[in-house]
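Below: the structure, in structure tokens.
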Amino acid sequence: MFADDTFDGELPELPDMAEMYIGHLSIEKGYSGATVEAYARDLHQFETYLHRTQNTLDQPEKIKREHIRGFLAELHRVQLGKTSMGRKLSALRGFFKYMAKRKLIQNIPTEGVRNPKAPQKHPTALNVDQTFEVLNKKKQLVAESTRKRAFKEEQLLRDLALAELLYGSGLRISEALRLNVHDINVNSGIVRVTGKGDKERVVPLSDTAKEAINAWASVRDKLDPSGQELALFLGARGGRLNRRQAARIIEDLCKRVGLPQAVSPHSLRHSFATHLLEAGADMRSVQELLGHARLTTTQRYTHLTIAKLVEVYDKAHPGGK
């Protein structure tokens, strides 16, 4: 059960202590719905493990460090990724610190337990040629659909607008899907984005993104005949487009192009950042465009640009490999 980081259907009830903490995250801390759900899943998994030892989160004073380590050992046994293990440990740290703050426990059992060391991963990015191949393929499909009067023309125009926005403005997929119609101003060439922690930023639109969004706007009402849906991107049935549908759109597009690697919506954001840095953009500006709270997060992309320079050197320089 621990190997899958999601649950199908409705989650079983959490113990009262855990529910109290989840309410604190949602109401007092203002965490996003997705973050709150993730913490609830993590606590539920730990509670399931505790039942095997005749313990429960409703009696947090009885939880010891060995219970935390035993849980992590179980996650390791089922080969859960180290990043996911670290997030679950973070959820437990938050819970027990909250219990201590409310004087419900004296000792915090997560103290002294370190995060599993995760392998360093660099973002996957397409090169410029691959990116434009993806976007041009979508334009070709739209043109063919219009010529043949295919009934899915509006969906193709929506998909092109989404892809252009992800690459042209470097949005997270969650940010793009959260956009409402009034958040985007094609005439002034800006989009108002609500990012992590509900922080707002203004990002410019590329010329091709403006063109694609205008084309999508001209047929958007076909998916929202009532005119009541505020979302910029709509699903086939008129509701707000969801992450799974968006991932499928980008994946299908890349398969049509014949790209060898798996590409996600986030790959277009990574490509946006990498191509800007390769073209000479300064790190601080890219940080602002991406909405990163810390510059160190943006600096991950420098590894990609350096790797590209080394690759070019190896191929072109007489002293290269």
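The values are calculated or read from the model by the stated rules, or taken from the named source; none is laboratory data. In this text, all values refer to a predicted model and were calculated from it rather than measured experimentally. We place every Cβ from the backbone using ideal geometry, glycine too, and count neighbours over all the protein chains shown. Each accessible area value is taken on the protein alone, full model and side chains, heavy atoms only, with ligands, DNA and RNA left out. Shrake-Rupley method; radii C 1.70, N 1.55, O 1.52, S 1.80 Å.
When the residues of the stretch 219-252 are filtered to those that are in a loop (DSSP other than H, G, I, E, B) and acidic (Asp, Glu), which remaining residue is most open to solvent (accessible area, probe 1.4 Å)? By that ranking, first place goes to 229. In the stretch 128-142, which residues are open to solvent by 20 Å² or more (accessible area, probe 1.4 Å), modelled with pLDDT of 70 or more and within 26 Å of residue 297 (Cβ to Cβ)? The one that is open to solvent by 20 Å² or more (accessible area, probe 1.4 Å), modelled with pLDDT of 70 or more and within 26 Å of residue 297 (Cβ to Cβ): 130.
The test for being aromatic (Phe, Trp, Tyr) and either closer than 18 Å to residue 115 by Cβ or at pLDDT 90 or above (or both) holds for residue 46.
Among the conditions (1) within 22 Å of residue 141 (Cβ to Cβ); (2) surrounded by 15 or more Cβ atoms within 10 Å (Cβ to Cβ), the only one that residue 190 does not satisfy is (1). Is the stretch 45-65 home to any residue that is open to solvent by less than 40 Å² (accessible area, probe 1.4 Å), under 26 Å from the mean Cα position of the chain (by Cα) and of a type outside the set (D, E, K, R)? Scanning the stretch 45-65, I find at least one residue that is open to solvent by less than 40 Å² (accessible area, probe 1.4 Å), under 26 Å from the mean Cα position of the chain (by Cα) and of a type outside the set (D, E, K, R), so the answer is yes.
Here's the yes/no breakdown for (1) more than 20 Å from residue 154 (Cβ to Cβ); (2) of a type in the set (D, E, K, R); (3) in contact with a Leu (Cβ under 6 Å, 6 or more places away or on another chain):
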| position | (1), (2), (3) |
| --- | --- |
| 231 | no, no, no |
| 239 | no, no, no |
| 250 | no, no, no |
| 256 | no, yes, no |
| 277 | yes, no, no |
| 282 | yes, yes, no |
| 285 | yes, no, no |
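Would you check which residues across the stretch 187-213 are over 20 Å from residue 156 (Cα atoms), outside any strand (DSSP E or B) and not basic (Lys, Arg) and list them? 187, 188, 189, 195, 197, 198, listed by residue number.
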